[in-house]
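What follows is a set of notes on a single structure, which appears directly below.
Just so it is clear, none of the values below were taken in a lab; they were calculated from the coordinates. Every value quoted in this text rests on a predicted model; they were computed, and no experiment measured them. Cβ sites come from the backbone with ideal geometry, for glycine too, and all protein chains shown count toward neighbours.
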Amino acid sequence: MTDTARSVREWIGKTPDSRPPPHVRVRIFTKHGGRCHWSGILIRPGDAWDVDHVIALINGGENRESNMAPILRGKPHKEKTRQDVAEKSRVYRKRKAHLGLSKPRQKIKSRGFEPAAPQRRATAEISKWRGF
């Protein structure tokens, strides 16, 4: 009997929203050694974790097993999402400017300030009673 490992086809989601099944989550977890790909912290039993796209879908990543890694829920996942959205917005803004679709920002025109009343001087005559 030969000792060969059975090759398993890579899981690819049918839609961008499809979640990997539990057996694929286990493979992803094992492939990364049980560590959060964002913070590098070892995920322990009982810790809440998700499967995250290394290259986010909004930034051109694919919904497939090779683009997924475990990430701890909470702060690490929020930081990763925040960075992904910031990158998407930066790329979108640069692409828009490159294609000439963005207009240069114009200053908001205001009506200006009203002219100030003339200042009083110690030598000027008091024209109305001030109550003192």
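Of note:
- Between 0 and 90°, nearest 10: helix 75-98 axis offset from the chain longest Cα axis: 70 degrees
- The residue among Pro22, Ala56, Ala117 whose Cα reaches farthest toward the positive pole of the charge dipole of the chain, with charges on the beta-carbon of Lys, Arg, Asp and Glu, is Ala117.
- A Cβ-based charge dipole, computed about the Cα centre of the chain with Lys and Arg at +1 and Asp and Glu at -1, lands at about 980 debye.
- Over the chain: helical MRE at 222 nm, DSSP H runs n ≥ 4 each giving -39500 (n - 2.57), nearest 500: -8500 deg cm²/dmol
- Measuring spread by the Cα atoms of region 22-98 yields a radius of gyration and Dmax of 14.0, 48 Å.
- Placing a label point 7 Å from the Cα of Arg95 along the Cα-to-Cβ direction, the residues of region 52-81 whose backbone N falls under 16 Å from that point are 55-62.
- Lys/Arg +1, Asp/Glu -1 at C-beta; region 22-98 dipole; positive extreme among Val91, Cys36, Pro70: Val91
- Footprinting exposure proxy for Asp17, Asp52, Asp47 (fewest neighbouring C-beta atoms within 10 Å first): Asp17, Asp47, Asp52
- Using alpha-carbon coordinates, inclination of helix 22-31 to the longest axis of the chain, degrees: 80 degrees
- By the count of other C-beta atoms within 10 Å, a proxy for reagent exposure, Leu101, Leu72, Leu42, Leu57 are ordered fewest to most as Leu101, Leu42, Leu57, Leu72.
- Dipole magnitude for region 22-98: about 340 debye, using +1 per Lys or Arg Cβ and -1 per Asp or Glu Cβ, origin at the Cα centre.
- Taking each residue as 0.36 nm, the span from Ser7 to Ala48 lengthens on full extension beyond its C-alpha to C-alpha distance by 11.8 nm.
- Backbone HN-Hα couplings from phi across region 8-20 [Karplus 6.51/-1.76/1.60, Hz, Gly and Pro as x]: 10, 5, 5, 6, 10, x, 6, 10, x, 8, 5, 8, x
- Among [x] 64, 22, 11; [y] 24, 18, 13; [z] 37, 18, 13, the entry that matches semi-axes √(5λ) of the Cα gyration tensor in Å as calculated here: [x]
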